[in-house]
1. Of the residues Phe177, Phe156, which is buried (at least 17 other Cβ atoms within 10 Å of the Cβ), modelled with pLDDT under 95, hydrophobic (A, V, I, L, M, F, W, C) and at negative phi?
2. Report, ordered by the first and then the second residue, all pairs with beta carbons closer than 7 Å, sequence separation of six or more or different chains, a first member in the stretch 165-179 that is farther than 15 Å from Arg199 by Cα, and a second member that is surrounded by fewer than 20 Cβ atoms within 10 Å (Cβ to Cβ) and among the aliphatic types (A, V, I, L, M).
3. Would you check if there is a residue in the stretch 88-97 being assigned to a helix (DSSP H, G or I), at pLDDT 90 or above and charged (D, E, K, R)?
4. Kindly indicate whether Ala152 is in contact with a strand residue (DSSP E or B) (Cβ under 8 Å, 6 or more places away or on another chain) and closer than 22 Å to Ser166 by Cβ.
5. Do you know which of the residues in the stretch 110-146 that are part of a loop (DSSP other than H, G, I, E, B) and of a type in the set (Ser, Thr, Tyr) is surrounded by the most Cβ atoms within 10 Å (Cβ to Cβ)?
6. Can you tell me which condition Pro104 does not meet? The list is (1) surrounded by fewer than 18 Cβ atoms within 10 Å (Cβ to Cβ); (2) touching a residue at least 24 places away in the same chain (Cβ under 8 Å); (3) not in a helix (DSSP H, G or I), and all the others hold.
Amino acid sequence: MAVSVALFCGGGLALQRDVTSLAGSLFGAGGALLGAWITELNKRRSEAEEKEKKEAGAVAALAPELQHTIERVQYILDRSTVNFSCESAVESVKTNDQQADFRPYFPTLYPSASQVRDLPDKKVIALIRYYDSLNEISHYVDDWWEREGQLAVNIFNMLMHAAEKSLRLGLICVREFDLEARFPPPHESYGTLTSRIERSLSHASQARKRHLDRAEALDLKSGKSKEPMPFRKY
């Protein structure tokens, strides 16, 4: 652009001095450069618009399964918290939860779908970290469920930690993929996805605090704490 302006200025000076051939050459060169600059500018604008369009399409395609998996992890945390609380209180309460109830849902489009390649790096990294945390939960459920010699309260406590970690990574994806706007709650009292996740995280933290307070109280009362029940087979 600057070169074109300089050529036009030079052509104007040449024209003032009646050097018409030089003026024509300078004007022609300036016009050619200006035309090339406009063409390149339009090309870049078109490419940027196409890239933005593909990114929007990729987000729209991947968002539903992302929402589905995050809600599943929230459910896993809620059920882990309930079971942890029952085991911590040494209450003979059967929740009737099965091993399958603690398995996360996995995406079907990610990572093989072509739309994944259209996402910006920041969104891809968020997905990688979050979906990797689902593998951690799944492996934990497979490796530790009803393992002999392990206390149920410890198993559910570790499962809570894994689900909490996954949900915190999920919150990043909620923001990156604008899930709140894409999937509003069915009614106001239901709360947004973020508020529901934060509520589940808070309940888990409170359950863990009550467990520690209960153990400390038993220790002060009897001189030693009671052992929680071994893992029950439902």
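The values are calculated or read from the model by the stated rules, or taken from the named source; none is laboratory data. Everything numeric in this text was worked out from a predicted model, so none of it was measured. Cβ coordinates were reconstructed from backbone atoms using ideal geometry, including for glycine residues, and neighbour counts include every protein chain displayed.
1. On the way: Phe177 fails: modelled with pLDDT under 95.
Exactly one residue qualifies, and that residue is Phe156.
2. If the second residue must be surrounded by fewer than 20 Cβ atoms within 10 Å (Cβ to Cβ) and among the aliphatic types (A, V, I, L, M), the pairs left are Phe177/Ala63; Leu179/Ala63.
3. At the first step, the residues of the stretch 88-97 found to be assigned to a helix (DSSP H, G or I) are 88.
Those still in the list that are at pLDDT 90 or above too: none.
No.
4. Values: in contact with a strand residue (DSSP E or B) (Cβ under 8 Å, 6 or more places away or on another chain): yes; closer than 22 Å to Ser166 by Cβ: yes.
In short, yes.
5. Filtering the stretch 110-146 down to residues part of a loop (DSSP other than H, G, I, E, B) leaves 110-113, 119-120, 145-146.
Right, trim to of a type in the set (Ser, Thr, Tyr) and you get 110, 112.
Working: Tyr110: 20, Ser112: 8.
That would be Tyr110.
6. (1) is the only condition that Pro104 fails.
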